[in-house]
1. Where a Cα-Cα gap under 14 Å defines reach, which aspartates and glutamates qualify for Lys29, not counting those fewer than 8 residues away within the same chain?
2. Quote the relative contact order of the chain in percent (integer), defining contacts as alpha-carbon pairs under 8 Å separated by 6+ residues.
3. State in Å² the accessible area per residue of the chain; use a 1.4 Å probe, count heavy atoms of protein chains only, and round to the nearest integer.
4. Using DSSP loop states and a limit of at most 15 other Cβ atoms within 10 Å to flag GluC sites (Glu not before Pro), what is the longest stretch of the chain containing no flagged site?
5. I'm spelling it out carefully: the read-out is Rg/Rh (Cα atoms, Kirkwood Rh), the candidates are (i) 1.03; (ii) 0.97; (iii) 0.95, and one was derived from this structure. Which label?
6. How big is the convex hull of the Cα atoms of segment 200-429, per residue, in Å³?
7. Roughly what angle does helix 271-291 make with the longest principal axis of the chain, taking Cα atoms, 0 to 90 degrees, to the nearest 10?
8. Which lysines, on any chain, are close to Lys259 with Cα under 18 Å apart, when same-chain ones fewer than 8 places away are left out?
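The values are calculated or read from the model by the stated rules, or taken from the named source; none is laboratory data. Source: prediction; values computed, not measured. Ideal geometry is used to build each Cβ from the backbone, glycine not excepted, and the neighbour counts take in all protein chains shown. What goes into the accessible areas is simple: the full protein's heavy atoms, side chains included, and nothing from ligands, DNA or RNA. Shrake-Rupley method; radii C 1.70, N 1.55, O 1.52, S 1.80 Å.
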Amino acid sequence: VPERPTLGNTDYAFEMAISNIRYGEGVTKEIGMDLQNLGARRVCVMTDKNLSKLPPVNAVLNSLAKYGINFQMYDNVRVEPTDQSFRDAIQFAKKGEFDAYVAVGGGSVIDTCKAANLYAASPSSEFLDYVNAPIGKGKPVTVPLKPLIAVPTTSGTGSETTGVAIFDFKELKVKTGIASRAIKPTLGIIDPLHTLSMPERIVANSGFDVLCHALESYTALPYKQRSPCPSNPIDRPAYQGSNPISDVWALHALRVVAKYLKRAIRDPEDREARANMHLASAFAGIGFGNAGVHLCHGMSYPISGLVKTYKPKDYNVDHSLVPHGLSVVLTSPAVFAFTAQMHPERHLEAAEILGADIRAARIKDAGLILADTLRKFLFDLNVDDGLAAIGYSKADIPALVKGTLPQERVTKLSPRPQTEEDLSALFEASMKLY
């Protein structure tokens, strides 16, 4: 590793890693042939209970049947997975001795399948071995994994392109995950037909995830300022800081969101809007899967993990839940007002893409302009009025801050370092949006 002058131990390189991606209406019907081409003999199909009865899963199973692929179905994935729901899926994968995996669903399903594939390939590993530090040991993945084909049914997480799997660690009431290029899917099948069965609020909340992926990765700490510089490339994290390639994808995703998200939410028959949001999810995934995200995501994990009684409209679940995209976007006005002093021109550019008139804007107002633009965007889409509207109060702030502190993998990518007092102030500013 080259010596660098007096900058301390910061990185000097970044690495781009993405899954292969195939896009097209009806492209799901090719999966049986893909598995045949791979020589797969025992395939695990993962999904959740709701989706198992819907057209996307049906399309996958029809293709497997047509090409004589032998499979077993696991439909017990939990929406917003926990360490226990990951372990249950891992157990199933270990028993099945599968030679390929197909994940059909949103981020919860795809992430669960990544974890199942990883631990089935490394049967002697303890669960915490690969979980991100400081909660787990964050060991690098050195075992070969089986092929995984991901079929996203929401337009949100971009999980079909990334090497990240997120879950709720129940005992600590925090979200954490596994992050390694080795667990990214072999192929993402992006079939816009699958988005036509998404209800309105699921389209909205998934779209907010795309919005924040794009905004956070574009404004993240630049890769050359991230430390430590790894002594071995296997230790270079999946989330490396903003970089010239991720920037291209993040900005493009943001433009698509600005143009199509409202249309996709308001009119389920608007196939053009839904198809474009499905692609935007993958574009943003390529961006943030390599640059990373920062405070909106770091703060979202305790917002989801400490949920009390909130049950969102359009989600057919038997447990309280704050959808991931909602937990991320509720803090976005406060977060970008806070981070803007570090890269004000990027924050202004984002505000302009989202519809702000910046012709007379002063650079020092970039954060407030982006925050106001986001508030207007959320208000137009009937988003709950801040954390108070989903069951939190000022009394919860210390617990929310405590749940954010272990999320160093993302919080350290904020362009502006933050203290516990800063985090408290950001949660307080997010209690009410309008």
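1. List returned: Asp191.
2. 16
3. Value returned for the chain: 40 Å² of accessible area per residue.
4. Details: sites that count: Glu3, Glu15, Glu25, Glu97, Glu126, Glu269.
Segment 270-434 is the longest.
5. Entry (iii).
6. 125
7. 80
8. The qualifying lysines are Lys376.
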